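A.B. asks: My questions will all concern the structure given below.
What follows draws every value from the coordinates through simple rules; no lab data is involved. Note that the coordinates shown come from a computational prediction; the quantities given were computed from them, not determined experimentally. In this analysis, Cβ positions are derived from the backbone assuming ideal geometry, glycine residues included, and neighbour counts consider all displayed protein chains.
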Amino acid sequence: MAEEALFAGPAVRRLRKREGLTQAATAARLDISPSYLNLIERNQRPVSARVMMQLVEQFDFDPRSLREDESIGGIDGLVRRFADERFADLGIDREELQEFLTSAPQAAAAFARLYDNAGDAGGPSSDPLSGSRREIERWRNHFADLDRAAEELADEMRLSRGDMGVALAERLRERHQLSVRILPREVLPDSLRRLDLHARQVQLSEMLSSASRNFQLALQLAQLEFADDIDALAKGAKFTDEAARALFARHLTGYVAAALIMPYGRFLRACEATGYDLPVLERRFGVSFEQLAHRLTTLQRVGQRGLPFFMVRLDRAGQFSKTFTGASTARFVESETSCPLWHAHRAFDRAGELQVQFVSLDNTGDRDGGWLTMARTVEGSGAPGEAQFVVAVGIEAVLASELAQARGISLRPDDAQPIGPGCARCHRIRCSQRSLPPAGRKLAFDTIRRGVTPFEFEQG
């Protein structure tokens, strides 16, 4: 609460009306003046720590309910929803949405709920993956209690890169009476890991790389030792779809595994000391590029924050199979497809080579501040020869100048490559790469001239 001013006028006003009190009576119980309470209710003054303590004491009030916006992903969650093509002609900007969220948070939450559940009316899909992603977004992909518990366990086990696999196997043997066995591919043709309780074995495929083996052991340990914590978080999300709950629980299990292998404090210090040098961090912690990318989106511990990275995984068709924005404000990665001008696509033809590019979102004629992105191919399962994807991480250009991968890259706004959020949602004019007309815009036809793009459209 101390990190930023907390404007929660509507919540305080609802509390007062629920109690059937006048402003004068409520102000007296909070030990403030009626005029000051009036300013709070009109969002012209923030709720101070002292007033909040009075709210808790006098009304048995839960302070977390003062942040209704968290349930919809804050202003960024609202911006994402209003980026829908059906609202493109309204010209609603971020400042207007901030006013909406601040002055009428429950109305904003009602809109978000209606939008999220509008799958049958042409809105976003209400499939289990979408439900799980919304819950991850609500937490900004940072689960503080899990992170601290995993860090404590890593310290207890004295996990380090050199003996990571040995230490994990020893923990499984001593605490859970499970041995680790590497099996031939023909024995585990369709599995990466299997728990055989009859033989008391954690069985791993021989096709896994060293980093993937360690991660699979960490996943198994997370399932065994963090089951209650993970189950409590998943139940607390109150999913109506069991598959969405299971997907969210699976994400939390992976979160714990990554936090074991890359303990928060040690990992953040290494990031800062190396300028977030991705190849160095991979080697130092013995992890894959994808595991590293996941971890970079989670560094949001209060008082010990890392840089706000986003991470996506895409296939050759440009479809996103993973999207984690964490504390990042990147919205162009929340489309269903990506822009072909983004060098993440080039990475498929340059396997193992890191593609670094400075891009800016050019969707309305006004570019954003730009993003430094880094993309590389990964194997889908961690086993050589399996399905290939590209994982990309990115950060706002204003925060990227000191990064190792930014060396030699011009971050001047004029040098950014303009990209869009996929053709259907992109309103950039004269793009020769355009494959689809932009939704919400009226097409223009000229019988005299032929432009560089097959779809020209009216502006504004």
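A.B. asks: Above 17 Å lies some portion of the pair distances; for the range 160-211, what is it as a whole percent of all C-alpha pairs?
C.D. replies: 38 percent
A.B. asks: Excluding the sites themselves, what is the longest stretch of the chain that contains no GluC sites (Glu not before Pro) in a DSSP loop with at most 12 other C-beta atoms within 10 Å?
C.D. replies: The reported range is 5-185.
A.B. asks: Among bridges DSSP assigns within the range 304-425, what percent are antiparallel (round to 5)?
C.D. replies: In the range 304-425, approximately 90 percent of DSSP beta bridges are antiparallel ones.
A.B. asks: Between Ala439 and Ser33, with labels modelled 7 Å along Cα→Cβ, what's the label distance in nm to one decimal, could you check?
C.D. replies: 5.2 nm
A.B. asks: Before anything else, pin down the relative contact order of the chain: Cα pairs under 8 Å, at least 6 apart, normalised by residue count, whole percent.
C.D. replies: Result for the chain is 11 percent.
A.B. asks: Once the Cα gyration tensor of the range 152-252 is diagonalised, what are the square roots of 5 times its eigenvalues, in whole Å and ordered largest first, as equivalent ellipsoid semi-axes?
C.D. replies: Values for the range 152-252, descending: 25, 19, 13 Å.
A.B. asks: Taking the Cα atoms of the range 275-418, what is the range of coordinates along each of the three principal axes, in descending order and whole Å?
C.D. replies: 43, 38, 28
A.B. asks: For n ≥ 4 DSSP H runs only, could you compute -39500 (n - 2.57) per run for the chain, divide by its residues and tell me the 222 nm figure to the nearest 500?
C.D. replies: Mean residue ellipticity, 222 nm, calculated: -12000 deg cm²/dmol.
A.B. asks: Right, next: Among the trypsin sites (Lys or Arg not before Pro) in the range 192-251, which ones are in a DSSP loop with at most 10 other Cβ atoms within 10 Å of the Cβ? Mind listing them?
C.D. replies: For trypsin sites (Lys or Arg not before Pro) across the range 192-251 that sit outside H, G, I, E and B with at most 10 neighbouring Cβ atoms in 10 Å, the list reads Lys238.
A.B. asks: Based on the Kirkwood radius over alpha-carbon pairs, what is the Stokes-Einstein translational diffusion coefficient of the chain at 4 °C with 1.567 mPa s viscosity, in µm²/s?
C.D. replies: Translational D for this selection: 53 µm²/s.
A.B. asks: I would also like to ask the following. List every residue whose amide H lies under 5 Å from the amide H of Arg301, counting only residues 5 or more places away in sequence or on a different chain, with H placed 1.01 Å from N in the peptide plane.
C.D. replies: The answer is Gly306.
A.B. asks: In square nanometres, what is one fourth of the surface area of the convex hull spanned by the alpha carbons of the range 9-66?
C.D. replies: About 3.3 nm², averaged over all directions.
A.B. asks: Turning to a different aspect of this structure: Order of Leu299, Leu97 from fewest to most other C-beta atoms within 10 Å?
C.D. replies: By the 10 Å Cβ count, ascending: Leu97, Leu299.
A.B. asks: Hey, what do the phi angles of the range 33-40 turn into as Karplus ³J(HN,Hα) couplings, whole Hz, using 6.51/-1.76/1.60 and θ = phi - 60°, x for Gly and Pro?
C.D. replies: 7, x, 5, 5, 5, 4, 5, 4
A.B. asks: Something else: Out of all DSSP beta bridges in the range 144-261, what portion is antiparallel? Express it as a percent rounded to 5.
C.D. replies: Here the antiparallel bridges make up roughly 45 percent for the range 144-261.
A.B. asks: For the range 390-395, what does the Karplus curve 6.51 cos²θ - 1.76 cosθ + 1.60, with θ = phi - 60°, yield as ³J(HN,Hα) per residue in whole Hz, taken in order and with x for Gly and Pro?
C.D. replies: 10, 9, 10, 10, x, 8
A.B. asks: What is the percent of Cα-Cα separations in the range 386-460 that go past 17 Å?
C.D. replies: Roughly 61 percent, rounded to a whole number.
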